[in-house]
Structures are given as C-alpha cells and as structure tokens.
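Q: Below is the structure I would like to discuss, written out as structure tokens.
The values are calculated or read from the model by the stated rules, or taken from the named source; none is laboratory data. As the structure is a prediction and not an experimental result, all values here were calculated from the model. Glycine gets a Cβ as well: all are built from the backbone with ideal geometry, and neighbour counts include every protein chain shown.
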Amino acid sequence: MPKHEGIHKVLVIGSGPIVIGQAAEFDYAGTQACLALKEEGCKVVLVNNNPATIMTDDRVADEVYFEPLTVDSLEKIIAKERPDGLLATLGGQTGLNLALDLHNKEILLKYGVKLLGTDIDSIMKGEDREAFRALMHELNEPVPESEIVATVEEALRFAVEIGYPLIIRPAYTLGGSGGGFAHNEEELIELVTSGLKASPIHQCLVEKSIAGYKEVEYEVMRDENDTCITVCNMENVDPVGVHTGDSIVVAPSQTLTDTEYYKLREVSLKIIRALGVIGGCNIQFALDPDSTQYYLIEVNPRVSRSSALASKATGYPIAKIAAKLSLGYYLNELINPVTRGTYASFEPSLDYVVVKFPRWPFDKFPEADRTLGTQMKATGEVMAIERNLESAFQKAVRSLEINSNGLELSGINQWPEEKLWQNVTQASDQRFFAILELLRRAVPVEVLHEKTGIARFFLNRFEELVQLEQKARELSFAALEAPQLWVLKRYGFSDAWLASVWGTEQLSVRRKRKVFQLVPSYKMVDTCAAEFEAESAYYYSSWSGQNDGKPNFNRKKILVLGSGPIRIGQGVEFDYCSVHAVQALQAEGYETIIINNNPETVSTDYTLADRLYFEPLTLEDVLNVIDFEGIEGVVVQVGGQTAISLMEGLEKAGVSVLGVDQQTVNELEDRDLFYRFMEKIQVPHIPGLTAYDSKDLLDKACQVGYPVLLRPSYVIGGRGMVILSSQQELEQYMVDSLSSISYPILIDAYVAGTEAEVDVLTDGEEVLVPGIFEHMEKAGVHSGDSTAVTPSFSLSSVIKDQMMDYTKRIARAMNFKGIFNIQFVVNEGHLYVLEINPRASRTVPILSKVYGIDMIGAAVKLMLGNQLASLGTGTGLMAEPGYFTTKAPIFSTIKLPGVDPLLGPEMKSTGEVISIAHSVETSTYKATGIVIKPGDEIFCEVDGAQWEHFKKVSDLLNDAGAILVSDQQRFGRCFGLTPVSSYEEWLRSQHATMLISVGGTGNTDGIEKRLSAVRNGLSVLTEWTQIESFLIAGKAEEPEPIGRWLRINEGSGVY
Amino acid sequence: MKGYLKLATGETYEGTWQGSQGDFCGEVVFFTGMTGYQEVISDPSFRGQIVVFTYPLIGNYGINESDFESFRPQVAGVVLSETDSLGDHWQSQNTFVDELKTRGIPILTGVDTRSVVQRIRAVGDIPGVLTTIQDQATPDFHSIYKRNWIKEVASSQIQNIGSGNPHIPHIGLIDFGYKKSIVNVLIDLGCKVTIIPFEKAEATIESLKPDGLLLSNGPGDPKQLSPYLEGIERLALAYPTLGICLGHQLLALAFGGDTEKLKFGHRGANQPVQDLQTGKVGMTAQNHSYVVTEESLGNTDFLMNFRNVNDGSVEGMVHKTKEIASVQFHPEGHPGPADFQSIFTDFVTMIQHRKEGHTAGVGGTRSYLNEEADPTQCKGGKVYAEA
Ligand SMILES: Nc1ncnc2c1ncn2[C@@H]1O[C@H](COP(=O)(O)OP(=O)(O)O)[C@@H](O)[C@H]1O
Ligand SMILES: Nc1ncnc2c1ncn2[C@@H]1O[C@H](COP(=O)(O)OP(=O)(O)O)[C@@H](O)[C@H]1O
Ligand SMILES: [Mg+2]
Ligand SMILES: [Mg+2]
C-alpha cells in the first residue's frame, strides 16, 4: 500500500513540558515520529514549547514553533502553515486533548487538515471513560461496576448502591491526578470534589475497587488493513491499586499461563479493532490471581510511557512504526529495523527479562506524602535487562542512584518492624526495600504475599536475593573461590556491595574477579530471541554465556555517559546533551558508545550511537563496558551530575576522561576549595564559611551575617538548602532537623540580588558565551525554578563586561576544555560568583536552539583538543539578538501532596517551557501561560513587609477583572478585598482559581493554605514576578517558527 | 550434578542435570515462545526432540491440569536457562521439574541457551544427546531420523468425543499425533469428533459416516507415511477435509506436491502469516521442520492461500474445486496465538451448511464466516478419556 496521497506537510503536536505522568517518553516518541515522517518525504511542522527536547531540534523537524500548546496558538499556526495532516497521537495526553479541541471547534475542518492515524471517534471512545465503558459492554468485555458522576451527590448515591472501597478517577487527566481510593464517605467527598476540579470536563468515574488483581498491560498496533499485533506485554509487580507508572514492571509477563497470555492478547486485538485504532495503543488489564476473571482497566489510543518502555524492552520502535502506519503503510510493508530481514508485522520474542523501576522525587521531598496509589508520583524510571530476574532487579536498583548499598536502603536495617510494615501494607516508594528488609528479618513469603498481593513468584525472587546476600556475608574475601563469586555475579551483586560486605575495596574485588576470569558477556537485543541474524547495536550485560558481538577494534572509540532516570534537577536536558555529543563525535569520525538506563529517552534509541549499552551508570558497569570495547576516552560533561560523579573512579582506574579531571571538579564542588580558587584568581564569591558542629554553626552564621543560606556540598538541584533570616530561625531549624544536619555544613551569606548565568565554551584559553540568562526572581529561588530571560534585560554593560572578564579568568585558571556553567548574583552593583558547574547545564539546549549554535557539538570538539578559534563560532559574548526568550518553570506539585509550592533554593519544578518574542513582556507573558478571566477569585495572603508591593499588583489584578478575597480583616480592609469567612469553604467554591501567598524571606508560614489550594487544583503563586509576568501583558505577536527568529538574527556578529 | 548437551557437530554445552540419568538422544530444536512450556512438552509433534527454550525463565506458573496437549510429556529432553523450583499459579498442581522428573525426562538447566540457538541457526536442527558424561562418545544419530515417531504418538483405537446428537457436524480426526486443543476447538464449535487411527482410516471411515475430516498434526517427516498417501487422497476427495501441520504436508504429498526440510524449523508463537485473500497478517503458533515447496503446488490442484511473511514459505493451500484446505501453522494456538481461528469456524460452518443441503468450497469464499462463536475459550480438563 503506498502512502496516502496528498499528505506533504504534517503538523505534529508535542507533549509540552515534562510533568509527572508525561515525561521524556514523548520526546522519544515524538522524535521518532518526526524523523519517520521526514523519511517519507513529509515536511514536518512541530509545535512544542519544551526546549529541552531533542524533538525540537532543527534536525528533527522542518519548522519548530516554541508556542503555547493552546487551541488559539495552534489555530494561528495552522492558518499560517496550512498543513495537510495532523499527527496528534504521539504527543501524549496533551497532544490528544488538543486534537480533540481542534476537532470540536471545527478548526481542522476549516483548514482542511486531515487527522492522521487513529480518528477522532476512536480517540473519544478510548479516552472518554463513559464511551469506553459503553463499548466494552457492547463487546461483552468486563469492566468493574462504576458510574460517571458530575456532582458529589451522584457519587454518594452510587456508594450507597455498591459499597466501599471505591476508586475515584477524574476524566481526561494525566497520571491519574486527582484520583484515589475512598474507604468512607468523608474520603469520597474530598476526592470527588478535587477530582471534578481536576477534570477538564468536570467528570469523575466512581468505580468498584479491584485493588489486588494482577495488573497487566499490552502494547498493540494496528494498520489500515486491520492487521494487528501485540509488541509486548508487561506485568506489574505491584498489583492493581498502584499506578502502572509507580509500579515495578517486568516484561514479558512472568506469572501468566499461555492460555491467560493469549486470552488477554486476543481481547486486546478485539478492542483495538473495535476502536479502529491506526497506530499504537496501550491496553491495561486486571487479572484475578485466583480465577479466570479479568477486567479492562483502561485503553490509551496513543503511544504512551508504556509504549516507550515496550520499545526499549523489545527493540521494536513503536512510535516510528505508528507514524508510518498513520501515513497509510501496512505493517507487513515495513521492515523490522533490527533484523532487517523480517517485517514489522511480527511479535518480538524476548530471551531475557526486563525490569522497570520508577524513580520518585521523595529524596528531595521527604515531607511529601510518599504513599502510592492510583495517582502517579514518579518523575522518571530506569530499565534493566538481564537473563534472570534477580540480576535485573539488582541492575534496576543500581540505576536509580538512590541512597542504597546494594539492595539495602541506607539505614533501613535500623527501622522498627512496624515502620517496615507501614511501607508495605500501604505501598510507598520504599515498599520494595521494606519487603527485602522484612525477608531479611525472616518474615515468610506467604505473609508478605497476603499483605501485599504481590505474586509469590516475585517474592520468591526477592527471598532468593536476600538468601544470597546472607551467603555472601558468610564468605571471606581472602578465601573466595571462583564458583562462589560467579554465582553472586550471576545474580547481580555488584563489586561495590561485595567489597562493602567483605571489608575491602571495590577495585580489589574487581581485580580478583578478573583473575578468576569473571567478566560479563554482552548480548544483543534482537527482537527475535536469536532466531534470525540481527544487526542491532543494542546490548546488555549478562553474567552467563557468550558474547554476541565482537567489538570493532579498528576505530577510535569514545564513550558518552548518559544521565540516568529523569528526576527533579536532572531532566531531559541532559539527554539532549548526550544525544548531541554522540552525533558530534560521529561527525568527527569516532565510533560512539553510549551507556544509559533510561527507557524513556532518545539517547537509548539504539539507532543513535554506534553501540548502546543499556546498563546502570555505576563505576563497575561502566568499566566493564570500557574493558570490553577498548575505549579511547570518556565524555562526562553531558550526563549531568550522574556522569560527573563517576569521574573519580574512572580516573583511578586509569581511564582517560575528556576535558576535565577530578581535581578541577573538587575545586568547584568543594566549597572550601572553591572559595580558595576564587580568591586565587581574584573573582569575588559570595562570602561563606564551613561549620563543623552545631556550636560552630551558630558562631559562623553570626560571622557571615543573617540572612544565611545553608547548603550541603556536591549536590544538584539544591537539595537540603535553606535560607534562614535570624539566629532564632537557625536555632529553630537546628531543633527541627537535629538528626539530619550532617557536618561539615556550609554557610553562605544570603544575597537577595539578581541572579544570572552563563554557559561557557572554552578551550582553556578563549571562551564563547552564546548568551546570558537573567532570572526574574531574586537569588534564593533555585535557578531551575526561576523564570529566566535571555538576553539579559536589566544588566548594565559594565556588569556584563565584568561577567565576561570573570568568565575568562575562570576558564583560564581551570584545567578544563568543553562546556561549563557559571551562576552569578548581582547585588547593589557588585557581581559575585555563586557556583560553577563543570558540565553542560539546563540552559544549554535553550541557548543552542534560540541562538542557532550547536553548543554541545562545539564542546565536544573542544574536549577533543580543538582550539575555539578554529570552530568558526567566534569568541567572547555573542551579540544579543533582536528578540527575547523566556524560560518558565513548570511544576507537578499537584501530583505530590505535601510538597509546598513555595519557591526557594530547593528545586521543585519538573519541566520548563520557553517563549520567544520581540519584547521581554510578551515572551514572559506567553511563557507563563496564566490567564485571568473576569470573575475569577484570588485569595491573597501577604506578609506585612510586602504590602507595599501588593498594592501595585492588586490594582493590576482588579483591572483584569479578578475578585480578590482574604480572610484577614486588617489586610482585607486595607486593600478593599472581599472578605471570606472560611478559606476551606472558599476553596471549594466555583470561582476559586488562585492563591497568592507571599511571605518574608525564608518564611514557611501559610504552608497549610498552599497545600490545600494545590489539593483543590488551584494555582499557587509565591513570588511577585510570577504574578506580574502575566499581568503586564505584552503586545500580541504572531507565532513564528524558530527558523524565522534565527533569520532575524542573521548577519549580526560577535563582539 | 553437571550435565551436557552434545551436538552432532561436536559442541558441548554444560549445565546442571535434573532428573533421571542416562543418555537421551534427539533432534535438538529451539522454541521461541515466551509462555507455553507445558503445551510444548506435551505436544506430540515434539516427540523425540530435545527442546531448547529460548525464553530464560521456565516453570514460572507450574504445571496445571488443563493445558496438556496429550497424555504425557513427549519431548526427549529439555534444555533451558533457569527454572523456578516452585511455580506460582492458582491452577498449578505440580512443578515443571517434578513433572518431567516423574516422567523420566531429563532437564538441563543453567545452559547458555542463546548460544545453542545461534549454533542451530547456523547449522540447522541437529541431532544431539543429553548426557551426564562429559566425554561420552556421540552416539549414532541416524536412528533418530529412521525412527517412525508418528506411529509412537498416534492412537491405536477409535474414540468418540462429544455428544451423540446426529444433527451436529461430525468430524473424523485422522490422528498422526493430534493436539488436544484441536479437538477442544471443534467441540467448542459444536462438533462431535471421532479420533481415527490413521492406519485404520480407510477401513473404518464408511461405518463412521463423518461429515468432514481433519488430518492432524504429528511429528517428523511426512514422507515416512508414503504408503498411506493414496489412501489420504481418496479420503480427501470423498469428504470435506482440513489439514493441519503434518496433515497439511500429507495432503500436499498425496496430491502430487512435495515437501522439504527447513534448515531449522519454525517453532514458536510469533510466526507472521499473511492471508493472501485479505492481505491481513496474523501471528501463528508453529512447530514444524518440513514445509510444502511452493513450486510443487504447480503439480497439484491446490492454490496457496497463506504465506509466511518472513521466509515466504507456504503456510496454507486450498483445493481449486474440492472442499479441501490445509494450513502449516496451528490455527488453534496453544501455545501461542489463534489469530486465524476462523479456519475452523469456516470449516465447521461449511460442513453444517452441507449437512443442511447447501454446498460451498472450503476456504474458497468467506460467505460462511461465522458470527458468534468464541472458540478460544479453552475448556479445562481433559476432553477425552485416558487411552
Ligand atoms: N477499579 C479499580 N480498583 C483499584 N485500582 C484501580 C482500579 N482502576 C484502576 N486502578 C489503578 O489505578 C491506576 C490508574 O488507573 P488508569 O485508569 O490506568 O489511569 P491513568 O490514566 O492514570 O493511567 C491503574 O494503573 C490501577 O493500578
Ligand atoms: N548565597 C546565596 N544567596 C542567595 N541565593 C543563593 C545563594 N546560594 C544559592 N542561592 C540560590 O540557591 C539556588 C541553588 O544554589 P546553587 O548553588 O546553584 O545549587 P545547585 O547546585 O542546586 O544549582 C541558586 O540558584 C540561587 O538562587
Ligand atoms: Mg493507566
Ligand atoms: Mg545552580
């Protein structure tokens, strides 16, 4: 079947900023889809305001619009570009919802845009819970009893009929936000209220709970000729009740008989046929562990997080194939890109097992509600491949980069049994570790099975691991024999853990292991269990059997270390950097090897690097690959803190790291050494001291002068940082967090100045700075959470010159080649350096795109020893363009109950968007994306010291037609606010839309109000800049693709 | 205890031996399905073969009552990577290892099965021996190919399954080592089935008065049954006939076609097959070493109607004028998918129509596509009495 006639230009809607429930997987899917469309000769117009993605690269799409993902802006773009087709099933829920809106408002019709792939009716049948249920009834497929409600009263009536427990799920929301289990009336009222608010169509599904069933997913594909396949099925280790995004998942299913497997598969095909999906579709089942009864949970008629996982788990590129199917191809016309000799119309057969483990943000938010339920909380995930489950679990845990030693969460052996059980019966992010600890304490598998519903099969694996741990402890390193070590390696125990048990060094275990000739073999992910010859570049390690492929020793090879799971503070931007590093190295003629463990990303697409090793990013795993491949050098500057922190070990093992060394890293990351370094080169830094105990802390804080900022060293994302404005606050803090302060601790003067940052390319002599990012919020709000603008809009040329001067001094004094980041604070005309990161940063993809310079490509050339002057990019600070780019943070606090939305030095945002315009006002207004409608009610709570500022803002809000309300008499009267008697009641009222909560420095007052506002789906703003940015609306501008902006800029040089 | 898989080409693979000791010879083949080990070990078509499971974890859900494809494990031995010693499933009644142990079938675990598969892929299905003696001389493998496996698995007595109602279609299943699931599907479609030993087929058929015939699957080389081909041709011309797997190969041979041995057989759950009429592709369960050659169909009155998407081989054929059709794959699944289960529905519907006085060609038109049967519903338990 040739592709559809008349589709020459295709509009692709991206998924926008990373939020919990919609993460990097859509960058992977979107990138694949765009490239597939281009491969078929289509011109691709992409709308996505997430700058950190690969998909928004000029290599991926022909025209890229960093414009808001709203119907308005899309209509403008459609009117301007006049695409023939729209592909919306690869942009997550966001893309799908927008496509529905565009259809409902007849915009697609008006401009003659054909929706490619799955049609609107099918999408609605899959997405609308009521339509879906109706379809299931029609097909005679079971769904749990439920009712769609639009009011709390309806929900209560249903509860009387069906009884508790019930599960509440709002329609059209991501990651199940706003849903949960209700065991009684009170819980039901709260959940339904917030659920109705969270649902854009004000509907909730109230449903009989089927928690405890096995949760199984199928990834299904269908073409226009009605050929259907299932790419993969997956089984959740955590039974129904824990969101699949928060569940440990294995692929393929492990505890289903062939009859069950194919029964559910057949139902999947029946449903995808009934829906008429063209492309990919995800189907979730609940299967009774004690009978043949099953239920449909839901269907996602689009690619999803699970399809990214399935693609990586099997090697079958779902998004790419889905894009081609949407152009009219049949599955049996498309070649399986792995085997190259077989076709896409087949079902992969695995000869390994895959474990996915979620990565949660609770290490940063210990105060948050860590329990897991139907609402997803993980920010990212890791995947591990091995020949047995035990070692796959071990690899997954190693890949998480959490505070664990082997399988033991640090400190968990001290937990009382009760605390362990708490985390087990009510699942939390620590459930897996608590189960292992209970097994260590000899709790039988049967008891754990009863309490958790987790299949004995999995618990048996865990028990086996615990028993092997015990065996390892009983061995001595000195008397160790090869077969003993081999068994431990085969079940996944790391050199590092073994060393800790045997009281020796990791490298000693490594040495002995090599004497025993115990090294891993590398096997290929080939989609077909070796039945056919394959040419895949996709490998995983295993401690049994032979190597599949011999490395190529004829070419020079460079290894790029990826950045692991997406977490707050280390997001998809590093994947962007890793991908560019690989591409740049290839262009320089190197064979490229990449190691990463994140299944959601483009960097783990096996078509990217010459070889992909899907492995944990730990020293042992990395060294093993280096040994096997014979690698010339390693790039650590693009993989975030994950890669940087591997450097010390690599250096010790004699591996050559490009452009940076451990001493340099120490000099920047150890605050004491850092201050000394700054003093040596006479660059002012923020005054700071190190305290060694509690008394020292009080003394030195006094010496530095309040307000102070306390910070632990070697962290990314400002973990644990606090601002304290007086001795009293410090004392209170010390009391509150007695046990958790670890000395030495660093005390900085808190300088509430203007924050700015630069990303610097250097060969050690010259520097190139593409642009300065100036933050709108004062220092004290983490750079990742601030609204930032490039070029700077308020800095004087004197300050900018000074920045460049310091930048050069720093670059020359460091032993460093490549790319690094400097954060500055300007206070009262003085410029200070806040911190230096010896690696690419969050702003690199933005600057690269909006200034049209391949910064990572250049950095790689510099790392390889090229002179900056030879790159043809110029040196110094690039000339400022005639437009402004604003980056605005995006938060997922609604998914994380208990996390205060107050901005501070601890990073909290999960993603970001950008907007480009001729004026700062317009770009910032567009980026912020908040719209106030007349009649919207805003609750205001403002610290006395801030009243003056509030005056200005309240006038603007009033002008916009907002109704300002307050429950404080004096404040309210003073500003003429509408009084409300109960905040909680107001929250539930129809017009409640926003809470403005601005306190004093370091003030944590008002947290209760903020938390319940978040729970009720309101926006919470805690910084004036956030509020002003959408009030000072700029001139409306036509959407322009990035290419147009760059052309405006063309011809301007560098000074 | 250590054990070894030794191939006729000289390779030795080490593993851990479980089960009774001895030397066990067989053709070494691999199975790529990720579930269905119970069906595999009991499928008569695997008779005499040493099966290497490519999926590394076998035995996870134990062994149950209902998923056997015949009365006993049929394989000569199994080779795998790891096995769960317990088996976890509500239907489980025994563990995989115990089941094989009590039946005297050896299991070699801890083997790098992927390398074995790669070797087979290179040299083809190959004789081998499972042994506990490392330097055991490789036995004479020719006996494997000389032995008539079909006679070992085919039943010797006529058996009736299903109700005695004279109005429902009566299918005579000519048995070369049938899988129970085939019978299950027919019963579920409302048929009565008589199992007929192939050697007695011609002699007894008159008295049984079936409405249609099904030539079953079975192990080994179809040419071992050359003496029966003429009889098969006569039967097929006299009754509407459906052939499955070996049955399909026999029909081709009987009508003048030819078969050849594949380098390595198709054994798994993901063989893509295209229905040449609709262009649709479905996944099929397969287990065979021999195929009907496409050129040879020119000598017959058969047309190819199903083709393997991967290697282009013949997956099904239909007679130009008579009600005879056959497929190489297993439309009943078990283990694996049953995407083309309509083959049974079509067959049964056609017979039903004939019974009622209409006629239609088997597989020729789709007009008798059935509405509402749910044939995948696998009936638990054994549908027939222990022989
Ligand atoms: N009736 C139910 N009873 C108990 N848990 C359920 C029920 N339905 C869904 N769940 C759980 O909630 C999770 C999220 O539900 P789902 O419909 O898949 O929403 P989402 O769109 O967020 O993926 C599921 O993964 C499942 O574990
Ligand atoms: N001394 C200080 N005065 C004011 N703000 C500070 C100070 N130190 C840090 N900050 C704020 O905290 C944020 C995080 O600190 P930073 O050193 O950049 O840590 P990270 O490694 O997490 O990026 C900065 O972006 C800045 O806003
Ligand atoms: Mg879901
Ligand atoms: Mg910083």
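Q: If only one of A:GLU75, A:GLU67, A:GLU5 is over 19 Å from A:PRO599 (Cβ atoms), touching a helix residue (DSSP H, G or I) at 6+ places or on another chain (Cβ under 6 Å), of a type outside the set (Phe, Trp, Tyr) and part of a loop (DSSP other than H, G, I, E, B), which one is it?
A: Only one candidate qualifies: A:GLU67.
Q: When B:MET317 is evaluated against the numbered criteria (1) outside any loop (DSSP other than H, G, I, E, B); (2) modelled with pLDDT under 95; (3) over 25 Å from B:PRO127 (Cβ atoms), which criterion, by number, is the only one it fails?
A: (2)
For every residue, the table says whether it meets (1) away from chain B (no Cβ under 14 Å); (2) within 16 Å of ligand 4 (Cβ to nearest atom); (3) modelled with pLDDT under 90.
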site: A:ARG711; (1), (2), (3): yes, yes, yes
site: A:TYR743; (1), (2), (3): yes, no, yes
site: A:ASP748; (1), (2), (3): yes, yes, no
site: A:HIS782; (1), (2), (3): yes, yes, no
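Q: Now for a separate question. So which pairs qualify, if the first residue must be in region B:293-304 and in contact (Cβ under 8 Å) with a residue 40 or more places away in the chain, the second must be polar (S, T, N, Q) and loosely packed, with under 15 Cβ neighbours inside 10 Å, the Cβ gap must be under 9 Å, and the two must be at least 6 apart or on different chains?
A: Once the first residue is in contact (Cβ under 8 Å) with a residue 40 or more places away in the chain and sits in region B:293-304, its partners that are polar (S, T, N, Q) and loosely packed, with under 15 Cβ neighbours inside 10 Å give B:ASP301/B:THR321.
Conditions (1) within 16 Å of ligand 3 (Cβ to nearest atom); (2) closer than 30 Å to A:ASN225 by Cβ; (3) touching a strand residue (DSSP E or B) at 6+ places or on another chain (Cβ under 8 Å); (4) at pLDDT 90 or above, marked per residue:
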site: A:LEU96; (1), (2), (3), (4): yes, yes, no, yes
site: A:THR118; (1), (2), (3), (4): no, yes, yes, yes
site: A:GLY126; (1), (2), (3), (4): yes, yes, yes, no
site: A:ALA155; (1), (2), (3), (4): no, no, yes, yes
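One line per residue, one yes/no per condition, for (1) crowded, with 23+ Cβ neighbours inside 10 Å; (2) more than 22 Å from the chain's Cα centre (by Cα); (3) not in a helix (DSSP H, G or I):
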| position | (1), (2), (3) |
| --- | --- |
| A:MET804 | no, yes, no |
| A:ALA858 | yes, yes, no |
| A:GLY874 | no, yes, yes |
| A:PRO889 | yes, no, yes |
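Q: Give the residues of region A:487-503 that are surrounded by fewer than 17 Cβ atoms within 10 Å (Cβ to Cβ) and either in a loop (DSSP other than H, G, I, E, B) or over 34 Å from the mean Cα position of the chain (by Cα) (or both), sorted by residue number.
A: Residues satisfying the conditions are A:VAL487, A:GLY503.
For every residue, the table says whether it meets (1) within 15 Å of ligand 3 (Cβ to nearest atom); (2) crowded, with 24+ Cβ neighbours inside 10 Å; (3) away from every other protein chain (no Cβ under 14 Å).
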residue: A:LYS270; (1), (2), (3): no, no, no
residue: A:ALA274; (1), (2), (3): no, no, yes
residue: A:ASN282; (1), (2), (3): yes, yes, yes
residue: A:PRO289; (1), (2), (3): no, no, no
residue: A:THR292; (1), (2), (3): no, no, no
residue: A:ILE297; (1), (2), (3): yes, no, yes
residue: A:PRO301; (1), (2), (3): yes, yes, yes
residue: A:ARG305; (1), (2), (3): yes, yes, yes
residue: A:ALA308; (1), (2), (3): yes, yes, yes
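Q: Here's another thing I want to ask about it. Can you name every one of the strands (runs of 3 or more DSSP E) wholly within region A:914-1013 that holds 3 or more residues which are surrounded by fewer than 17 Cβ atoms within 10 Å (Cβ to Cβ)?
A: Output list is empty.
Q: Something else: Determine if region B:55-62 includes at least one residue that is of a type in the set (Phe, Trp, Tyr) and either more than 14 Å from every other protein chain (Cβ to nearest Cβ) or crowded, with 20+ Cβ neighbours inside 10 Å (or both).
A: Yes, there is a match, as at least one residue in region B:55-62 is of a type in the set (Phe, Trp, Tyr) and either more than 14 Å from every other protein chain (Cβ to nearest Cβ) or crowded, with 20+ Cβ neighbours inside 10 Å (or both).
Q: Something else: Of the conditions (1) within 29 Å of A:GLU5 (Cα to Cα); (2) assigned to a loop (DSSP other than H, G, I, E, B), A:ILE321 clears all except one; give me its number.
A: (2)
Q: Could you list, in sequence order, all residues of region A:666-700 that are crowded, with 18+ Cβ neighbours inside 10 Å and over 36 Å from the mean Cα position of the chain (by Cα)?
A: Within region A:666-700, just A:LYS700 meets the criteria.
Q: Right, something else. Wholly within region A:544-652, which strands (runs of 3 or more DSSP E) include no fewer than the required count, namely at least 2 residues that are closer than 21 Å to A:ILE54 by Cα?
A: A:557-561, A:591-596, A:611-614
Q: I need a count of the residues in region A:831-849 that are within 9 Å of ligand 2 (Cβ to nearest atom), over 27 Å from A:ARG1044 (Cβ atoms) and outside any strand (DSSP E or B).
A: Final tally of qualifying residues: 0.
Q: Please find, within region B:268-278, the residue that is nearest to B:TYR290 (Cα to Cα) out of those that are more than 9 Å from chain A (Cβ to nearest Cβ) and in a strand (DSSP E or B).
A: B:VAL273
Q: Scan region B:333-342 and tell me whether some residue there is small (Gly, Ala, Ser), assigned to a loop (DSSP other than H, G, I, E, B) and farther than 30 Å from A:LEU264 by Cβ.
A: We begin by selecting, within region B:333-342, every residue small (Gly, Ala, Ser); these are B:333, B:336, B:338, B:342.
Narrowing the set further to residues that are assigned to a loop (DSSP other than H, G, I, E, B) leaves B:333, B:336.
After this cut, where a residue has to be farther than 30 Å from A:LEU264 by Cβ as well, the list is none.
Looking for residues that are small (Gly, Ala, Ser), assigned to a loop (DSSP other than H, G, I, E, B) and farther than 30 Å from A:LEU264 by Cβ, one finds none in region B:333-342, hence no.
Q: May I pose another question? The conditions are (1) buried (at least 18 other Cβ atoms within 10 Å of the Cβ); (2) on the phi > 0 side of the Ramachandran plot; (3) not charged (D, E, K, R), and B:GLY190 fails exactly one of them. Which is it?
A: Result: B:GLY190 fails condition (1) only.
Q: Report whether or not A:SER536 is at pLDDT below 95, out of contact with any Cys (no Cβ under 7 Å at 6 or more places or on another chain), away from every other protein chain (no Cβ under 11 Å) and outside any helix (DSSP H, G or I). Steps first, answer last, please.
A: Details: at pLDDT below 95: yes; out of contact with any Cys (no Cβ under 7 Å at 6 or more places or on another chain): yes; away from every other protein chain (no Cβ under 11 Å): yes; outside any helix (DSSP H, G or I): yes.
So A:SER536 fits the description; yes.
Q: Could you list, in sequence order, the residues of region A:402-420 that are in a helix (DSSP H, G or I) and surrounded by 16 or more Cβ atoms within 10 Å (Cβ to Cβ)?
A: A:ILE412, A:LEU420
Q: Moving on. So A:SER326 ticks every box in (1) polar (S, T, N, Q); (2) within 14 Å of another protein chain (Cβ to nearest Cβ); (3) away from ligand 1 (no atom under 16 Å from the Cβ); (4) within 23 Å of A:GLN32 (Cβ to Cβ) but one. Which box is left unticked?
A: Here A:SER326 meets the rest and fails (2).
Q: Next question, about the same structure. With respect to A:GLU106, determine if the residue is over 30 Å from A:GLN583 (Cα atoms) and without any contact (Cβ under 8 Å) to a residue 12 or more places away in the chain.
A: Taking the combined requirement at face value, the residue satisfies it.
Q: Here is a further query. Scan B:GLY172, B:GLY220, B:GLY128, B:GLY164 and give me the residue that is at positive phi and either outside any helix (DSSP H, G or I) or surrounded by 14 or more Cβ atoms within 10 Å (Cβ to Cβ) (or both).
A: B:GLY220
Q: Hey, among the residues in region B:63-96 that are more than 11 Å from every other protein chain (Cβ to nearest Cβ) and within 17 Å of the chain's Cα centre (by Cα), which one's nearest to B:ASP175 (Cα to Cα)?
A: Restricting to residues being more than 11 Å from every other protein chain (Cβ to nearest Cβ) and within 17 Å of the chain's Cα centre (by Cα), the top hit is B:SER70.
Q: Check region A:730-742 and report whether any residue there is touching a Phe, Trp or Tyr at 6+ places or on another chain (Cβ under 9 Å), within 12 Å of ligand 2 (Cβ to nearest atom) and in contact (Cβ under 8 Å) with a residue 40 or more places away in the chain.
A: No, region A:730-742 contains no residue that is touching a Phe, Trp or Tyr at 6+ places or on another chain (Cβ under 9 Å), within 12 Å of ligand 2 (Cβ to nearest atom) and in contact (Cβ under 8 Å) with a residue 40 or more places away in the chain.
Q: Specify which of the listed residues (A:ARG567, A:ARG555) is within 20 Å of the chain's Cα centre (by Cα) and either over 18 Å from A:ILE20 (Cβ atoms) or away from chain B (no Cβ under 14 Å) (or both).
A: Going through A:ARG567, A:ARG555 in turn, just one is within 20 Å of the chain's Cα centre (by Cα) and either over 18 Å from A:ILE20 (Cβ atoms) or away from chain B (no Cβ under 14 Å) (or both): A:ARG567.
Q: So which residues in region B:200-217 are closer than 18 Å to B:ASN160 by Cβ and crowded, with 17+ Cβ neighbours inside 10 Å, if there are any at all?
A: Of everything in region B:200-217, those that are closer than 18 Å to B:ASN160 by Cβ and crowded, with 17+ Cβ neighbours inside 10 Å turn out to be B:ALA201, B:ILE205, B:PRO210, B:ASP211, B:GLY212, B:LEU213, B:LEU214, B:SER216.
Q: Oh, and also: Residues to consider are A:LYS895, A:LYS861, A:LYS887; find the one that is in contact (Cβ under 8 Å) with a residue 60 or more places away in the chain and within 16 Å of ligand 3 (Cβ to nearest atom).
A: Just a single option satisfies the conditions, and that option is A:LYS895.
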